[in-house]
1. Would you mind checking the pairs LYS9/LYS145; LYS53/LYS121; LYS79/LYS121; LYS9/LYS186; LYS9/LYS121 and listing those with alpha carbons more than 24 angstrom apart?
2. Solvent-accessible area of LYS162, probe 1.4 Å, all protein chains present, reported in Å² to the nearest ten, please.
3. With a 1.4 Å probe and every protein chain left in place, work out the accessible area per residue of the chain in Å², rounded to a whole number.
4. For a quick check of understanding: with a 1.4 angstrom probe and all protein chains in place, what accessible area in square angstrom does LEU100 have, to the nearest ten?
5. Once every DSSP H run of n ≥ 4 in the chain is given -39500 (n - 2.57) and the sum is divided by its residues, what mean residue ellipticity at 222 nm do you get, rounded to the nearest 500 deg cm²/dmol?
6. So what is the relative contact order for the chain, in percent, with contacts set as C-alpha pairs under 8 Å and at least six apart?
7. Most mobile of LYS184, LYS53, LYS63 per a Gaussian network model of the chain (Cα springs, under 10 Å)?
8. Once phi is turned into θ = phi - 60°, what whole-Hz ³J(HN,Hα) does the Karplus curve with 6.51, -1.76 and 1.60 give for every residue of segment 73-78, x standing for Gly and Pro?
Amino acid sequence: MSYEELLEKAYSELPDIVKEHHRFEKPQISSIIQGKITVVQNLGEVSKSINRKPEMLAKFLLKEFGTSGSHDGQHLVMKGQFRREQIQERFEAFLDQYVLCGECGRPDTRILREDRVSFLKCEACGARQPLGVLKSVPKREETKKLEVGDEITVEITRMGRKGDGLARMGEYTVFVGGARVGQKVKARITGIQNNMVFATAIEILS
Ligand SMILES: [Zn+2]
């Protein structure tokens with residue numbers, strides 16, 4: 001297969017939701033201080049863009065700032081003076097704990113509840129994780145930059161929903177065709193999209 005054909009193959013195997021959103025841009029909080037109160041002007045839009053209810057985000061922010069307030073679905077009024085940067089920072093902590101997938105880093109997640117325990121379920125890669133946990137996603141510079149054609153050695157730790165073997169490599173999630181859970185494989189990279197790497201097993205090492 002040519003390089004283009006390989007890319008096309010990797011792309012055609014991507015879950016549809018990944019194709020729709022090429023890159024996740026963190027929504028920006030818009031807020032203003034008015035006397036002794038702070039108004040978040042786009043609570044509704046921001047919540048909608050991450051597919052969470054405004055109530056949930058409002059409750060989180062009020063708790064984080066240790067204050068009281070109210071919202072009407074679009075605006076959040078908080079008692080006290082808080083700068084936009086402070087609110088943005090707390091909002092990004094919310095994203096980390098309640099929205100972004102800890103495996104692939106994408107925002108296409110849902111909150112599921114089973115036996116009184118809540119989970120974050122990722123629609124993009126299928127990962128499931130406890131809710132409200134701060135994920136320490138490794139920094140980009142800690143991992144060597146990967147390129148199509150590179151040979152990598154990975155250990156398959158999970159099974160993808162399309163039968164691929166999944167492995168973790170720094171901040172990358174590697175999908176390896178033809179590999180099973182528990183195997184250590186040498187694989188060649190056929191496609192990369194953001195932090196998702198597609199590879200084909202070329203040798204089973206153990
Ligand atoms: Zn995921």
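The values are calculated or read from the model by the stated rules, or taken from the named source; none is laboratory data. It should be emphasised that the depicted structure is a prediction, and the values quoted were computed from it without experimental measurement. Glycine also receives a Cβ, built like all others from the backbone with ideal geometry; neighbour counts cover every protein chain displayed. Note: accessible area is taken over every heavy atom of the protein model, side chains too, but ligands, DNA and RNA are not part of it. Shrake-Rupley method; radii C 1.70, N 1.55, O 1.52, S 1.80 Å.
1. Details: LYS9/LYS145 22 Å; LYS53/LYS121 16 Å; LYS79/LYS121 34 Å; LYS9/LYS186 20 Å; LYS9/LYS121 26 Å.
Beyond 24 Å: LYS79/LYS121; LYS9/LYS121.
2. 130 Å²
3. 57 Å²
4. Taking all protein chains as shown, LEU100 has close to 30 Å².
5. Values: 5 runs with 48 residues, N = 206.
-6500 deg cm²/dmol, from helical runs alone.
6. Values: 380 pairs, mean separation 28.9, N = 206.
That works out to 14 percent.
7. Checking each option, the largest mean-square fluctuation is seen for LYS63.
8. x, 10, 9, 10, 9, 10
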